[in-house]
Amino acid sequence: MEKAVQMLEFQEKGDKRGRLVIVEGMKDIPFDVKRIFYIYGTQKDVVRGQHANLRSEFVLINVAGKSKVRVKDGKGNEGIFSLNRPHTGIYLPNMVWKDMYDFSEDSVLLVLASEHYDAEEYIRDYDKFVEIVSRGGHI
Ligand code: TYD
């Protein structure tokens, strides 16, 4: 799997009892999961994220409700993606600026991460992010 921003479609195992989605590290997503967290109860006008990560890769899945993600590469390219189905996710490699917004009231945004939490690898200043990108991703 190419390590570029991309939407992922997970297989839905549906039967009479309902639906089941499986996400396995190094199979359905290009990393092993070290951490999960989920975001809910976010107001519609709130923008979350607003950071890039030196090392962490993420997969975001709206397991309920919907939200949007805006990604920027720090070189002038940006994209907007809608997360609105429990079997659809977005893969975000490291060194991508991300904003999550337009959360529906029932939104539960599940995040799978490749690293344990380390505040030091979060870049929370956009200008600093652009500067690091211009140096080839090195601080
Ligand atoms: P933050 O990164 O601002 O969340 P988001 O990107 O969704 O807007 O995190 C909010 C707070 O939670 C911040 O104080 C850091 C803390 N936090 C952890 O301690 N561990 C974690 O794994 C995450 C994602 C956040």
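Observations
- Most mobile of Asp127, Asp73, Asp32 in a GNM of the chain (Cα contacts under 10 Å): Asp127
- GNM result for the chain, Cα springs below 10 Å: residue of His51, His87, His116 fluctuating most strongly: His116
- When the Gaussian network model of the chain links Cα atoms closer than 10 Å, the mean-square fluctuations of Gly14, Gly25, Gly65 top out at Gly14.
- Net charge dipole size for the chain [Lys, Arg +1 and Asp, Glu -1 on Cβ; Debye, nearest 20]: 300 debye
- Per residue value of the accessible surface for region 1-98 (all protein chains in place, 1.4 Å probe), Å²: 60 Å²
- Per-residue [θ]222 nm for the chain (sum of -39500 (n - 2.57) over DSSP H runs n ≥ 4, rounded to 500): -2000 deg cm²/dmol
- Over region 1-121, the alpha carbon radius of gyration divided by the compact-protein estimate 2.2 N^0.38 Å works out to 1.04.
- Mean Cα-pair separation over length for the chain, i.e. relative contact order, pairs under 8 Å, 6 or more apart, %: 33 percent
- Net length gained if the chain between Lys128 and Ile36 were fully extended (0.36 nm per residue, minus Cα distance): 30.5 nm
- Taking Cβ atoms as reference points and 12 Å as the exclusive limit, the residues near Phe103 contribute a net charge of -1, counting Lys and Arg as +1 and Asp and Glu as -1.
The values are calculated or read from the model by the stated rules, or taken from the named source; none is laboratory data. What you see is a predicted model, and the numbers here were worked out from it, not measured in a lab. Counting neighbours? That spans all protein chains shown, and the Cβs are built from the backbone with ideal geometry, glycine included. Note: accessible area is taken over every heavy atom of the protein model, side chains too, but ligands, DNA and RNA are not part of it. Shrake-Rupley method; radii C 1.70, N 1.55, O 1.52, S 1.80 Å.
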